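Have a look at the structure below, then the notes.
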Amino acid sequence: MSWKSIIADREIEDVKQDRRASTSVEQYKVSGQAVYFKGEYLPISEIESLRVQSSTYSPNCCCGKGIPVFKIRVDYGDEKPLVLMLEKEKNVEKMVSIITSVKPDIIVEQNTAASI
């Protein structure tokens, strides 16, 4: 599979090697250089801020009960932010921790009932 950066002209070197060294966090992978999802990646160097909030996911788009999830809104200077959806709070903590350990100046907002 060919991995493509979601930001034109912001490719990282040796994507295959970096992805192999990445850590799995639910359906995503995160490394010291990028967040990988659905055949694409976002270089961590481009991330400006993270916003964590609790939400619900309704798989059938009906008005019944939804599955409680957490969403991480990743702002990277584009009009449309990247939104990552995770089921477990500990995985949200893990992802935010990895990203902020690489780039500590990222602004992190948390809008959840429990503090993360």
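The values are calculated or read from the model by the stated rules, or taken from the named source; none is laboratory data. Fair warning: this is a prediction, and the values are worked out from it, not measured in the lab. Virtual Cβ from ideal backbone geometry, glycine too; neighbours counted across all protein chains shown. Each accessible area value is taken on the protein alone, full model and side chains, heavy atoms only, with ligands, DNA and RNA left out. Shrake-Rupley method; radii C 1.70, N 1.55, O 1.52, S 1.80 Å.
Can you work out the FRET efficiency for the pair Ser45 and Lys88, with r the C-beta to C-beta distance and R0 = 41 Å, to the nearest 0.05? Each step should come with its number before you reach the end.
Working: r = 27 Å, r/R0 = 0.66.
That pair, Ser45 with Lys88, gives E of 0.95.
Backbone geometry of the stretch 66-74 corresponds, through the Karplus equation with coefficients 6.51, -1.76 and 1.60 at θ = phi - 60°, to 3J(HN,Hα) couplings of x, 8, x, 9, 10, 10, 10, 8, 10 Hz, x marking Gly and Pro. For the stretch 1-25 versus the stretch 72-87, the inter-centroid distance based on Cα atoms is 17 Å. Only protein atoms count toward the accessible area here, which uses a 1.4 Å probe; on the stretch 4-54, the carbon and sulfur part of that area reaches 39 percent.
Note that the stretch 78-90 has calculated 3J(HN,Hα) couplings of 9, 4, 9, x, 8, 10, 9, 10, 10, 8, 10, 4, 5 Hz, one per residue in order, obtained from phi through the Karplus relation 6.51 cos²θ - 1.76 cosθ + 1.60 (θ = phi - 60°); glycine and proline are x.
Relative contact order, percent, of the chain when contacts are C-alpha pairs under 8 Å separated by at least 6 residues? Don't skip to the end; give the middle numbers.
On the way: 193 pairs, mean separation 26.8, N = 116.
The normalised contact order for the chain reaches 23 percent.
Close amide H pairs (under 5 Å, H built 1.01 Å from N) link Tyr41 with Lys4, Ser5, Ile6, residues at least 5 positions away or on another chain. With the gyration tensor restricted to C-alpha atoms of the chain, the semi-axes of the equivalent ellipsoid amount to 24, 16, 14 Å, longest first. Evaluating 6.51 cos²θ - 1.76 cosθ + 1.60 at θ = phi - 60° for every residue in the stretch 44-54, the Karplus couplings come out as 4, 4, 8, 6, 9, 7, 10, 10, 9, 8, 7 Hz, glycine and proline recorded as x.
Taking amide H positions as modeled 1.01 Å from N, with prolines and chain starts lacking one, the residues under 5 Å from Leu82 and 5 or more places away or on another chain are Val74, Tyr76. When the residues Leu82, Leu42 are ordered by accessible surface, computed with a 1.4 Å probe over the protein chains alone, the sequence from largest down reads Leu82, Leu42.
Sum -39500 (n - 2.57) across every DSSP H segment of at least 4 residues in the chain, then divide by the residue count to get the 222 nm mean residue ellipticity, nearest 500.
Values: 2 runs with 20 residues, N = 116.
Calculated at 222 nm, the ellipticity per residue is -5000 deg cm²/dmol.
Out of all DSSP beta bridges in the chain, what portion is antiparallel? Express it as a percent rounded to 5.
Values: 23 of 30 bridges.
Antiparallel: roughly 75 percent of the beta bridges in the chain.
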